[in-house]
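See structure below.
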Amino acid sequence: MKIRQISVFLENRKGRLYEVCSLLGQAGINIRALTIAETESFGVLRMVVNKPDEAISLFRKHNITANLTDVVAVEVPDRPGGLAEVLKVLSDGNINVEYMYAFVEKFSEKALLVFRFDDPSGAHRVLTSAGVTVLTEKDLPNL
Amino acid sequence: MEIRYWNQRLETLPRHELRQLQLERLREVVGYALQTPFYKKRLPKVGISSPEDIRSLDDLKKIPFTVKDDLRQAFPKGLLAVDMEKVVRIHSSSGTTGIPTVIYYTADDLDRWTDLLARSIVATGAGPGDVFQNMMSYGLFTGGLGVHYGAERVGMAVIPVGGGNTQRQLQIMRDFRTTVLHITPSYLLHIHQRMPEFGLTPADLNLKKAWMGAEPHSENTRLKLQELFGIDIYNSYGLSEMNGPGVAFECVYKNDLHVWEDGYIIEIIDPRTGEPVEDGQEGEVVFTNLIRHALPLLRYRTRDLAFLHPDPCPCGRTARRMSRITGRTDDMLIINGVNVFPSQIEEVLMSIPEVGTNYQIHLSRHEGLDRLTVKVEIYSKLFTGDLAALEALKNKINEKLRASITINSRIELHEPGSLPAIEGKAKRVVDEREKL
Ligand SMILES: [Zn+2]
């Protein structure tokens, strides 16, 4: 149910994001979703990739500060109000969203969103019981 | 040139009488020193168990140097020579190891100190009728209060505004027709740069003089500032171990600083050997405080480098003149007038687990004020991916640093391996401040 997100610490330096992304590209690792959280002096790159274990060891080897965090990938109906429906389910279930972001590509009629919850297990329970599709990591290489 | 004295007899005392006065006062302070746990242990070892053991000024050389670290070791009361009931003022500052140092003053100590400031002020030609804007920090820093009381004593109208807030400073200068400033050179320069913003030129003001201290600066800077404002600028020297400002001050000839030798015995030594240098040679300045009884300090090594002028000054004062400070014997940084040692910063950083081993101390100047930026590498293994945790880490580093060095810093987080490594004596301090 949970999938692993990779967080990378990025210092505020020109070209750093490019270096990190091209490293993954050269290793044949695909970025499925990504977002950057920034402050004035540094940022954290968050992403979901098709091969998280390979990505992490690649980063370690290149002395790039990274770690893994559990997130939940949710299918959202791709129509007006689709996201609101999912958010209402979470709100009613008293689940707090820390942040969320979208997948890079679209694979079906549904949009895919990455959610970070303070209580991932509770979120999973609330979502599935409301009939919302939650993806597993096994689904990712096929996307 | 018109020469004014505050205490003509003392200021023009023949050298041999001055030396006799120094000897009497040295005996007196040795008597107080022997009341402190610190000197009670130290002085008898060199054959000084009572004031009478000081037979001539040469006996001063028997006394071992006192250093900053002694003050830390003696914190809080190891150098206190009088009952706490006699103490009326306490000044304190942080030290390299986070252990602070403290200076105590009795009412008589403050009186004698104030008198030397009154003397300094009158030597620059200032006095009653002058409106004095004191732009040095008040508080635990001795620079503000010391000059404040001296200025009141000579009868100037004192505006105790303290540092910062350029707009307000300029308003006060204009509204009260300020004639004299006490200020750091970088702040005076900044004031000038900001004046057009407020539609002011030096001609709109009534400034006549400035006393400049707390920050090393060159003669060129003085000349430039004098020209920009059309005023006379006098150099001031002091340190809280020797009470504060008013240890040495320039007279109207502006030809280096008269050391008030009836209040302080000055020695210039070779910092490596501790031996006196030849007359006129540069060396480390060592002071013995002859006028403070609450906390006596004998042969205190300032780590400031300077030299003494052998020739007399045309003003007629017999107190010798020392040069402006030409350097430091250690790596101490002066940031907005506050003394900071890189080792203090290192110690704080190394106490925080999320911080890696590499760091860099960066100094720059913005709007006339120094800015300290501390660049640190984060420790990979403790990276959680949480942005809020990183922001909290920055705040934590700043808070801990401020507790040690008393000033705010900007914290920059960097990736491991991105700052110059420890090997090969990495340049830990990058000082981009324009030399003044
Ligand atoms: Zn003179």
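The values are calculated or read from the model by the stated rules, or taken from the named source; none is laboratory data. Remember, it's a predicted structure, so these values are computed and weren't measured experimentally. Glycine also receives a Cβ, built like all others from the backbone with ideal geometry; neighbour counts cover every protein chain displayed. Each accessible area value is taken on the protein alone, full model and side chains, heavy atoms only, with ligands, DNA and RNA left out. Shrake-Rupley method; radii C 1.70, N 1.55, O 1.52, S 1.80 Å.
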Would you check if B:Glu278 is open to solvent by 10 Å² or more (accessible area, probe 1.4 Å), within 23 Å of B:Leu57 (Cα to Cα), part of a loop (DSSP other than H, G, I, E, B) and not aliphatic (A, V, I, L, M)? yes
May I ask you to say which residue of B:Leu372, B:Leu419 is modelled with pLDDT of 85 or more and open to solvent by less than 60 Å² (accessible area, probe 1.4 Å)? B:Leu372
Please work out if B:Ile233 is within 16 Å of the ligand (Cβ to nearest atom) and either touching a His at 6+ places or on another chain (Cβ under 6 Å) or in the same structural domain as B:Asn165 (by TED's automatic domain parsing) (or both). yes
B:Glu284 vs (1) buried (at least 23 other Cβ atoms within 10 Å of the Cβ); (2) part of a strand (DSSP E or B); (3) more than 16 Å from the ligand (Cβ to nearest atom): all pass except (1)
I need every pair where a residue in segment B:384-398 that is facing another protein chain (nearest Cβ under 10 Å) has its Cβ under 9 Å from the Cβ of a residue that is among the hydroxyl-bearing types (Ser, Thr, Tyr) and open to solvent by 60 Å² or more (accessible area, probe 1.4 Å), sequence separation at least 6 or different chains. B:Leu390/B:Thr384
Restricting attention to segment B:250-266, which residues are near the ligand (Cβ under 8 Å from one of its atoms) and part of a loop (DSSP other than H, G, I, E, B)? B:Cys251, B:Val252, B:Tyr253, B:Asn255
With away from the ligand (no atom under 16 Å from the Cβ) and not aromatic (Phe, Trp, Tyr) as the only criterion, which of B:Arg324, B:Arg272, B:Arg317 stands out? B:Arg272
Of the residues that make up segment B:309-322, is at least one crowded, with 16+ Cβ neighbours inside 10 Å, of a type in the set (Gly, Ala, Ser) and either modelled with pLDDT under 95 or over 19 Å from B:Leu13 (Cβ atoms) (or both)? no
